[in-house]
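A quick write-up on the structure given underneath.
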């Protein structure tokens, strides 16, 4: 009797179903609606795109000149703000002087137009009542009484400050220390200066600006020296007499220039010196003038 073996390799014969039993596909097709099928159907996920492992999406670096320009502009702004802050009193005085000068020029122009005969005639005005101007400066200028101390007066910039004498010294650093200390009390008479009473150069120096924390009251005494004009008057009260100088020449020199300290033997002159530009000690602003009268 021969027996035949039936070997299957992982296959399974389909099971017999009854006529009343539905397959899964029939169930899905007839029981569920199309909308439900869409809900139950899992969405297909697109496979990820293949990208390079070195693609880090880095931003393109801006040009080097733009970085340099931004750094320079920022540094300039910071320097300007700190420069004005450290020399605030000097710049405030300059601004106030400019505002007063502009206001005075506008008022003067208005008064000239108001008192102009042609303008008055056009407006039908035949008589003008002139008002007498009184100024405190004019009253004091008419007095013959001189101050008891030695002083410098520059009417153009409305300065009336004391003159300070400092001890001389052979050591240049010590002499500079003496001058800086003397500048706290006013305008310093340079040790090489000759007095107004004798022939020579009456040499004066003062701050245009200085550190805000300095104790002196005259840290910006010459902040307006650049506003002086040729032909202006500088008055020196010295030992009870008034020496009037006419300022005739100005120039800007480096700090190492010493020719301005020379002493003429045939005339009496005055020299005013301060640092320029305001807030720096880069150069020296010089004004010189000749003695025109003694009162």
Tail weight of P(r) past 16 Å, computed on alpha-carbon pairs of the stretch 208-273, percent: 64
Length added when fully stretched, residue 160-residue 71, from 0.36 nm per residue minus Cα-Cα: 27.6 nm
Nitroxide proxy distance, nm - points 7 Å out along Cα→Cβ at residue 292 and residue 230: 1.5
Over the stretch 145-294, relative contact order from alpha-carbon pairs under 8 Å, at least 6 apart, %: 24
Mean separation of Cα contacts under 8 Å (6+ apart) over length of the stretch 213-286, as relative contact order %: 26
Whole-number Å³ per residue for the convex hull built on Cα positions in the stretch 145-294: 115
Listed peptides 202-211, 91-100 by packing density, highest first (mean Cβ within 10 Å): 202-211, 91-100
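Where a number appears in this text, it was derived from the coordinates with a stated rule and is not lab data. Here the structure is a predicted model, which means the values were calculated and not measured. Don't worry about glycine lacking a Cβ; one is built from the backbone with ideal geometry, like all the others, and counts go over all protein chains shown.
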